[in-house]
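Student: Below: one structure in structure tokens.
The values are calculated or read from the model by the stated rules, or taken from the named source; none is laboratory data. The structure presented is a predicted model; accordingly, all values stated were derived computationally and were not measured. In this analysis, Cβ positions are derived from the backbone assuming ideal geometry, glycine residues included, and neighbour counts consider all displayed protein chains.
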Amino acid sequence: MTCDTPVGSGPLSVVTDQASKSSRRCPALLVSAPASGQGKTTVVAALARHHSRLGRRVRVLKTGPDFLDPMVHQRACGSPVYPLDLWMVGDALCQQVLHEAAGDADLILVEGVMGLYDGTPSSADLALRFGLPVAAVIDAGAMAQTFGALALGLARYTPGLTFAGVFANRVASDRHRDMLRDSLPAELPWLGNLPKQAGLALPSRHLGLHQADAIADLDERLDRAADLIATTPLAALPAPITFQAPPLEPLPRLLQGLTIAVARDAAFSFVYQANLEVLEAMGAELCFFSPLNDSALPAADSLYLPGGYPELHLDRLADNTAMLTAISTHHRAGKAIVAESGGMLYLLESLTTADGHCRQLAGLIPASASMGNRLGGLGLQGVHFPQGLLRGHTFHYSTFDAAPNFTLSATRHPGGQPGEGVVCDGALTASYIHWYLSSNPQVAAHLFLGKAFLEQMP
């Protein structure tokens with residue numbers, strides 16, 4: 001358990017109007033693709049490692065909700081990675097993140113989400129909003145001249161998009177490379193390629209990439225990819241972009257004097273750095289504990305149980321009965337608990353893995369869940385609490401065997417269909433939703449205050 005180290009001073013830790021006095025310029029590039037699985041993460045991480053090795057300060061940002069890719073990028077560049085999403089994060093906070101990054105970096109790299117035009121909002125929407133040039137990564141492993149047609153479609157589909165060029169991944173030979181390059185119209189720059197080479201692709205599982213700490217040879221993979229990227233036109237420093245600061249007000253100190261214990265270990269690691277920073281900016285003191293390894297909770301007013309992979313550590317979590325008892329005691333004392341996705345699963349009566357292995361857990365929520373082989377939920381969602389709308393997203397492969405009683409229900413974005421349920425029991429708030437707390441700091445504060453919040457529930 002650790003309670004003496006502040007999270008840091010990232011772009012969302014303290015919002016003041018001092019930094020909003022000037023614009024900032026910094027080279028920047030958004031790396032996208034026609035679809036998921038094309039190699040965006042490998043290319044962005046390789047670029048980040050390449051420029052970092054040259055002594056440049058690199059900031060990597062990720063379009064859309066994601067926890068796993070940012071872990072790789074943080075390893076590649078040495079700096080925290082923040083999400084950019086015009087709906088979940090919001091226009092003003094996206095602008096703030098870019099402005100702050102431009103103030104301390106020599107290069108900003110933004111990894112897109114899915115395909116360039118996928119989603120509402122999409123990576124293309126983000127690029128258009130902030131004037132980011134787009135480099136497209138295309139997996140060319142099963143194509144030749146069609147490469148040019150696909151690249152041309154990406155470049156011309158939306159007028160006004162600044163298209164920096166196209167980069168080929170999984171190229172089989174020099175001849176294959178030449179066919180791909182020659183298929184491009186003259187106005188589309190060729191940015192180089194990575195070969196179809198073992199040892200570059202990053203391993204993945206059901207929720208995406210493996211966590212960075214679980215990839216034993218990650219630094220070696222990043223260095224190999226950086227060596228190859230260094231020889232391509234993509235490695236050239238892009239042109240500077242001007243980033244304006246938004247007119248944001250300082251955050252209210254709604255959590256002054258509150259201590260929040262945050263679960264952080266291999267089972268619970270899906271938390272936005274911005275979430276921790278906004279809690280600190282509102283006055284909370286954060287400390288960290290491990291449900292896997294610790295037998296007691298730190299002295300705290302509230303608990304934060306983020307998502308992660310509890311199913312991969314089910315026996316250790318279930319066998320740590322001292323921690324389960326400590327969390328139950330905390331709940332019975334009327335203290336706040338905020339549990340997201342995997343953190344919520346930890347509070348159920350039981351969880352069953354995909355191969356049928358079942359263990360009893362905390363039992364604070366009268367329900368059980370099972371892991372499956374299909375997505376149980378995916379997408380952006382928002383919940384209307386008494387204090388306003390709090391936004392987030394959901395991505396899980398488990399489903400309830402029998403769902404608990406929900407106090408609130410989310411609304412999906414876009415479309416407005418019903419989304420995930422939210423359990424509110426005493427000072428406990430739990431859902432499959434991963435909250436982006438900065439989307440509404442006032443709601444976030446009330447969640448962690450617990451009792452004062454719940455007195456206003458219908």
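Student: Given the options LEU234, LEU222, name the one that is in the same structural domain as PRO133 (by TED's automatic domain parsing), in contact with a strand residue (DSSP E or B) (Cβ under 7 Å, 6 or more places away or on another chain), buried (at least 22 other Cβ atoms within 10 Å of the Cβ) and among the hydrophobic types (A, V, I, L, M, F, W, C).
Tutor: From the options LEU234, LEU222, the qualifying one is LEU234.
Student: Given the condition at pLDDT 95 or above, touching a strand residue (DSSP E or B) at 6+ places or on another chain (Cβ under 7 Å) and surrounded by fewer than 18 Cβ atoms within 10 Å (Cβ to Cβ), answer yes or no: does some residue in region 365-372 qualify?
Tutor: yes
Student: For region 132-168, what are the residues that are surrounded by 13 or more Cβ atoms within 10 Å (Cβ to Cβ) and on the phi > 0 side of the Ramachandran plot?
Tutor: Within region 132-168, GLY165 is the sole residue that qualifies.
Student: Looking at region 279-300 only, could you name the residues that are part of a loop (DSSP other than H, G, I, E, B) and surrounded by fewer than 19 Cβ atoms within 10 Å (Cβ to Cβ)?
Tutor: Here is the first cut: in region 279-300, the residues part of a loop (DSSP other than H, G, I, E, B) are 282-284, 290-300.
Passing the criteria: GLY283, SER290, LEU292, ASN293, ASP294, SER295, ALA296, PRO298, ALA299.
Student: Residues that are among the β-branched types (Val, Ile, Thr): find the strands (runs of 3 or more DSSP E) completely inside region 354-447 holding 2 or more of those.
Tutor: Values: elements: 358-360, 365-371, 377-385, 388-396, 398-402, 408-413, 418-425, 428-431.
The strands (runs of 3 or more DSSP E) meeting that bar are 418-425.
Student: Condition first: touching a helix residue (DSSP H, G or I) at 6+ places or on another chain (Cβ under 6 Å), surrounded by 14 or more Cβ atoms within 10 Å (Cβ to Cβ), more than 17 Å from GLY421 (Cβ to Cβ) and not charged (D, E, K, R). Can you find one or more residues in region 324-339 that meet it?
Tutor: yes
Student: Tell me which residues, restricted to region 119-129, are surrounded by fewer than 20 Cβ atoms within 10 Å (Cβ to Cβ) and not in a loop (DSSP other than H, G, I, E, B).
Tutor: Answer for region 119-129, where residues must be surrounded by fewer than 20 Cβ atoms within 10 Å (Cβ to Cβ) and not in a loop (DSSP other than H, G, I, E, B): ASP125, LEU128, ARG129.
Student: Which one of ASP69, ASP91 is of a type outside the set (A, V, I, L, M) and closer than 29 Å to LEU218 by Cβ? Full working, then the answer.
Tutor: Details: ASP91 fails: closer than 29 Å to LEU218 by Cβ.
When all the criteria are applied, what remains is ASP69.
Student: Here is a follow-up. Give the residues of region 79-101 that are closer than 19 Å to LEU54 by Cα and surrounded by 24 or more Cβ atoms within 10 Å (Cβ to Cβ), sorted by residue number.
Tutor: Answer for region 79-101, where residues must be closer than 19 Å to LEU54 by Cα and surrounded by 24 or more Cβ atoms within 10 Å (Cβ to Cβ): just ALA101.
Student: For region 220-248, what are the residues that are among the small types (Gly, Ala, Ser) and not in a loop (DSSP other than H, G, I, E, B)?
Tutor: Listed by number, the residues that qualify are ALA225, ALA226, ALA235.
Student: Confirm whether ARG412 is of a type in the set (D, E, K, R) and either at pLDDT 95 or above or within 28 Å of THR329 (Cβ to Cβ) (or both).
Tutor: yes
Student: In region 308-323, how many are surrounded by fewer than 14 Cβ atoms within 10 Å (Cβ to Cβ) and either more than 14 Å from PRO291 (Cα to Cα) or among the aliphatic types (A, V, I, L, M) (or both)?
Tutor: So the answer is 1.
Student: What's the total number of residues in region 36-78 that are buried (at least 21 other Cβ atoms within 10 Å of the Cβ) and among the small types (Gly, Ala, Ser)?
Tutor: Qualifying residue count for the region: 6.
Student: Here is a further query. Could you run through region 129-153 and say how many residues are hydrophobic (A, V, I, L, M, F, W, C) and farther than 16 Å from GLU111 by Cα?
Tutor: So the count comes out to 9.
Student: Has region 54-74 got at least one residue that is assigned to a helix (DSSP H, G or I), in contact with a Cys (Cβ under 8 Å, 6 or more places away or on another chain), in contact (Cβ under 8 Å) with a residue 24 or more places away in the chain and farther than 15 Å from ALA127 by Cβ?
Tutor: No, there is no match, as no residue in region 54-74 is assigned to a helix (DSSP H, G or I), in contact with a Cys (Cβ under 8 Å, 6 or more places away or on another chain), in contact (Cβ under 8 Å) with a residue 24 or more places away in the chain and farther than 15 Å from ALA127 by Cβ.
Student: Right, another one. Take region 321-348 and flag every residue that is of a type outside the set (Lys, Arg) and either more than 14 Å from GLY363 (Cβ to Cβ) or not assigned by TED's automatic domain parsing to the domain that holds SER295 (or both). Break it down into steps so the answer makes sense when it comes.
Tutor: Taking region 321-348 first, the residues of a type outside the set (Lys, Arg) are 321-331, 333-334, 336-348.
Within region 321-348, ALA322, ALA333, GLY334, ALA336, VAL338, GLU340, SER341, GLY342, GLY343 qualify.
Student: Let me ask something else. HIS206 passes all but one of (1) surrounded by fewer than 19 Cβ atoms within 10 Å (Cβ to Cβ); (2) modelled with pLDDT of 90 or more; which number fails?
Tutor: (2)
Student: Report whether or not GLU311 is among the charged types (D, E, K, R) and either free of Cβ contacts under 8 Å to residues at least 40 places away in the same chain or part of a strand (DSSP E or B) (or both).
Tutor: No; evaluated as a whole, the condition is false for this residue.
Student: Among ALA274, ALA333, ALA322, which is free of Cβ contacts under 8 Å to residues at least 12 places away in the same chain and among the hydrophobic types (A, V, I, L, M, F, W, C)?
Tutor: ALA333
Yes/no matrix, rows are residues, columns are (1) farther than 13 Å from TYR432 by Cα; (2) β-branched (Val, Ile, Thr); (3) in the same structural domain as TYR432 (by TED's automatic domain parsing); (4) crowded, with 21+ Cβ neighbours inside 10 Å:
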{"site": "SER350", "(1), (2), (3), (4)": "yes, no, yes, no"}
{"site": "ALA354", "(1), (2), (3), (4)": "yes, no, yes, no"}
{"site": "CYS358", "(1), (2), (3), (4)": "yes, no, yes, no"}
{"site": "GLY363", "(1), (2), (3), (4)": "yes, no, yes, no"}
{"site": "LEU380", "(1), (2), (3), (4)": "no, no, yes, yes"}
{"site": "GLN387", "(1), (2), (3), (4)": "yes, no, yes, no"}
{"site": "THR394", "(1), (2), (3), (4)": "no, yes, yes, yes"}
{"site": "ALA403", "(1), (2), (3), (4)": "no, no, yes, no"}
{"site": "PHE406", "(1), (2), (3), (4)": "no, no, yes, no"}
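Student: On the basis of being over 18 Å from the mean Cα position of the chain (by Cα), touching a residue at least 24 places away in the same chain (Cβ under 8 Å) and not in a strand (DSSP E or B), does LEU116 make the cut?
Tutor: No: the conditions fail for LEU116.
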